[in-house]
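A short reminder: the numbers here are calculations on the coordinates, not readings from a lab. Since the structure is predicted, the reported quantities are computational estimates derived from the model, not experimental observations. A quick note on method: Cβ atoms are made from the backbone with ideal geometry, for glycine too, and the neighbour counts reach across all protein chains shown.
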Amino acid sequence: MDRRELIKTFAALAPLTVAGRVWAAPATDARLLVVFLRGAYDAANVVVPVSSEFYRASRPTLAIAKPDVGNPNAALALDADWGLHPAMRDSIYPLWAKREIAFIPFAGTSDDLTRSHFETQDTIELGQSTGGSRDYRSGFMSRLATELTRARPISFTDQLPLIFRGKSQVPNASINNVAKPGVDDRQAQLIKQMYAQSNLASSVSEGFRVRDDVYRSISEEMNAANRGAVSPRGFELSARRIGRLMREQFNLGFVDVGGWDTHVNQGAANGYLADRLGELGRALVGFSEEIGPAAWRDTVVVVISEFGRTFRENGDRGTDHGHGSVYWVLGGGINGGRILGEQVKVEQPHLFQNRDYPVLTDYRALFADLFGHVFGLGNESVQRIFTGVHPTNLALV
């Protein structure tokens, strides 16, 4: 080999060398977007265990009806045991028919049993064992970016989240378009003035007072659990912009969506949760459409939450903090249209501590499997991201 050929050879190898290591380039220009539903969404009313009589007995006001083509409020059949919330009929359900989405029930953190929004969100974003000391300067998506040759990460958040804290600088871009309340304080005062001279004056004033008291009592915990995350409506409004940016500039993205801490008046086929699911479904479809067919084939979206909710409804027609959840994996190139992972029948003896879904698929094992197949990472790289974790082979890609 003469000198000119030698120089050409080293020039070709240079892009594959980072910090003294030689890296294998990903097989495709793959993209990953992680959507974190902060507040712990009620997975059992989204991917519904339709074959479980225990489910219907446990949720006298919240249960979604069995699939029935003549009932618009019934679950949409996924397979013999599972159905989808009807609020996603026109968004997520068509992706299921095209085999572009899979659901993994009984997923979550196998070693974090706190049921604390803050501790469990930290656990997931760090991707480290809870058994020893944790490094809060090292989030798992930051470690993933370090392992990739052409990582272009971005966080669609107000502040850089824990998941992207690390050695490299990661840009963040706020998409927090918070909707105004239906009736603000000024409008409330005008309405009270209209009724001031009528026999309804005291009732109107009392109605607004009760509204404000209830709103404060519910929203204080929810706002804390959201940690500044965008609302589902805000995500819907911004999803196409996220799609354009990830199509043209970035290949690792993170967005958090709040509003899922449904302790009171959660609703069943209609109501608060149904409205949020409609917004989330439309956001994800908008993202997939905007990123375009070619890029969508090389894109994987993972929807997660810190934990699920209690299987039985509470006395306020809502649900409380739980354990196991259901994760979603979407993309134009995934092997979807399936319910994946280890499963058990949804019956009382299989509940965790007699109250929640158990965790049978650990979130780190799921992501480790995806990182290996989507980005072509070997075991050494995966172990640097999730130390001591064995990937769960779900054949998603």
key: Packing-based exposure ordering (other Cβ within 10 Å, fewest first) of His85, His350   = His350, His85
key: Positive minus negative residues near Gly336 (Lys, Arg vs Asp, Glu; Cβ under 9 Å)   = +2
task = Name the long-range amide H neighbours of Ser110: under 5 Å, sequence gap of 5 or more, or other chain; modelled H, no Pro or chain starts.
result = Tyr363
key: Hz values of 3J(HN,Hα) by residue in the range 377-383 - Karplus curve (6.51, -1.76, 1.60), Gly and Pro given as x   = 7, x, 4, 4, 5, 4, 5
query = Taking neighbour counts of Cβ atoms within 10 Å as a proxy for exposure, in what order, fewest first, do Asp68, Asp298 appear?
reply = Asp68, Asp298
note = Simple spin-label estimate for Asp111/Ala196, 7 Å along Cα→Cβ, in nm, reads 6.4 nm
ask   = Can you list residues whose amide H is under 5 Å from Phe352's amide H, if they're 5+ apart or on another chain and H is modeled 1.01 Å from N?
value = Tyr357
message = Going by average Cβ density within 10 Å per residue, which order do the peptides 242-249, 101-108 take, highest to lowest?
response = 101-108, 242-249
query = Can you give the relative contact order of the range 223-360 as a percent, counting alpha carbon pairs under 8 Å and 6+ residues apart?
reply = 23 percent
message = Ranking request for peptides 40-46, 158-164, 311-317, 251-257: highest mean number of other beta-carbon atoms within 10 Å first, then the rest in descending order.
response = 40-46, 251-257, 158-164, 311-317
query = So, by mean Cβ neighbours within 10 angstrom, what's the order for 358-366, 263-271 with the highest one leading?
reply = 358-366, 263-271
inquiry  = Around Val300, under 13 Å between beta carbons, what's the net of Lys plus Arg minus Asp minus Glu among the other residues?
reply    = -2
inquiry  = Can you give the Rg/Rh ratio of the range 88-163, where Rg is from the C-alpha atoms and Rh is the Kirkwood radius?
reply    = 1.06
